[in-house]
Amino acid sequence: MFSFLTGKDARKILKRKDSDAGEKGRALEDLRASIFNQFNFSDSAKRQQRRLCGPATALTFNFVVAVGIIFVNKMVLQTVKFKFPILLTLIHYVVSWFLMAILKAFSLLPPSPSSKSTRMSTLFTLGFVMSLSTGFANVSLKYNSIGFYQMAKIAVTPSIVFAEFVLYRKKVSLPKVLALTVVSVGVAVATVTDLQFHLFGACVALAWIVPSAVNKILWSRLQQQENWTALSLMWKTTPITLIFLAAMLPCLDPPGVLSFDWNLSNTLVIFGSAILGFLLQWSGALALGATSAISHVVLGQFKTCVLLLGNYYLFASNPGTISIFGAFTAIGGMSVYTYLNLNQQSNKGSPRQASVLAKSKLGKENGSTNGNDGHYGAESV
């Protein structure tokens with residue numbers, strides 16, 4: 001038997017098909033929007049980090065934690081007599097990874113950018129230089145005086161300037177070069193009275209300079225150019241750092257760790273140092289992402305001068321007139337450097353915002369999701 005459709009029935013079928021096609025189209029649009037939002041979620045997390053933790057907040061956070069961990073680590077090395085600097089660094093990173101795993105379990109860890117945006121070799125290099133930078137720093141502090149350690153740290157500044165110029169053609173203006181020179185000379189004069197060192201410790205301090213510079217450059221560049229947040233980058237690189245620290249352990253630490261008195265008091269002090277170590281790594285990453293590698297080094301030198309002057313005014317410690325003069329000279333140079341940075345940011349702020357808005361609009365019109373690529377490539381500092 002044959003049945004014939006009336007015009008009314010045909011119109012109903014066509015409307016039903018149009019409705020189904022519309023629903024499928026909306027579903028496809030929703031799927032595309034979901035994929036786009038997931039792809040750009042790390043970018044929004046980066047913007048949220050910048051909004052909640054600007055340069056001043058990040059640098060202040062890092063400064064407070066850095067001062068606190070100095071006193072706690074002094075207690076660990078002198079009072080508790082834990083003479084294993086690489087193992088102490090390893091414990092710091094294990095606790096950091098455990099705390100980040102808790103954050104990830106509660107979905108509080110920011111997502112990582114797309115795997116295509118950052119090569120695995122770059123993350124591997126960062127994890128490797130992190131292990132060398134932190135491990136060698138603690139070994140240097142064990143064998144050398146704080147003054148010699150600070151003298152070695154001065155060499156990090158020109159190393160960063162040279163490396164950024166060679167790798168990224170990033171130039172530093174002449175006024176900033178002069179300000180950084182004043183800072184370096186001031187810190188050298190402030191610490192010249194405390195230059196006790198061990199031959200092995202001096203070799204370790206010299207070997208620490210290059211990894212420290214590369215470490216700061218990569219932390220700053222990956223966050224500013226590839227939309228990594230501090231915690232997500234820490235989560236990706238910490239396992240690599242742990243592997244290399246474990247390999248360094250038998251080479252640089254003395255024997256006798258099993259005979260150490262792991263009582264409750266000693267364990268709590270070491271655990272407290274590890275918590276501060278996590279906060280130091282996080283705050284340092286935030287500061288590097290919000291400012292630059294050179295600014296972070298200048299902050300470390302400012303911390304040295306503040307501690308020296310604080311001991312003089314608060315605890316009647318007398319480092320000598322030359323050291324006090326050097327500390328004030330360094331702080332003066334830091335003030336000029338900070339002023340030049342703020343002046344440069346205020347001068348470039350409006351054109352840069354206009355450029356970002358234009359690129360964002362163009363990216364949306366072209367369906368591009370990578371509007372910020374190359375935004376920092378030709379910047380001078």
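The values are calculated or read from the model by the stated rules, or taken from the named source; none is laboratory data. Bear in mind that the values here come from a model prediction, so they are computed numbers and not experimental data. So basically every Cβ, Gly included, is an ideal-geometry build from the backbone, and we count neighbours across all protein chains shown. Note: areas computed on protein heavy atoms with side chains; ligands, DNA, RNA excluded. Shrake-Rupley method; radii C 1.70, N 1.55, O 1.52, S 1.80 Å.
Miscellaneous remarks
- For Val210, the requirement of being within 30 Å of Tyr312 (Cβ to Cβ), out of contact with any strand residue (DSSP E or B) (no Cβ under 7 Å at 6 or more places or on another chain), surrounded by 15 or more Cβ atoms within 10 Å (Cβ to Cβ) and touching a residue at least 40 places away in the same chain (Cβ under 8 Å) is not met.
- Taking the criterion of being β-branched (Val, Ile, Thr) and more than 17 Å from Trp97 (Cβ to Cβ), the residues of region 251-294 that qualify are Val257, Thr267, Val269, Thr291, Ile294.
- Test result for Thr237, open to solvent by less than 50 Å² (accessible area, probe 1.4 Å), over 21 Å from Pro55 (Cβ atoms) and not basic (Lys, Arg): yes
- Taken across region 72-87, residues that are out of contact with any His (no Cβ under 9 Å at 6 or more places or on another chain), over 30 Å from Pro319 (Cα atoms), modelled with pLDDT of 80 or more and among the aromatic types (Phe, Trp, Tyr) do not occur at all.
- Taking the conditions (1) open to solvent by less than 20 Å² (accessible area, probe 1.4 Å); (2) under 23 Å from the mean Cα position of the chain (by Cα); (3) not aromatic (Phe, Trp, Tyr) in turn, Ala202 satisfies each one other than (2).
- Condition met for Leu258 (open to solvent by 30 Å² or more (accessible area, probe 1.4 Å), out of contact with any helix residue (DSSP H, G or I) (no Cβ under 7 Å at 6 or more places or on another chain) and modelled with pLDDT of 85 or more): no
- Residues that are open to solvent by 20 Å² or more (accessible area, probe 1.4 Å) and without any contact (Cβ under 8 Å) to a residue 40 or more places away in the chain number at least 2 in the following helices (runs of 4 or more DSSP H) confined to region 58-170: 85-105, 120-143, 156-168.
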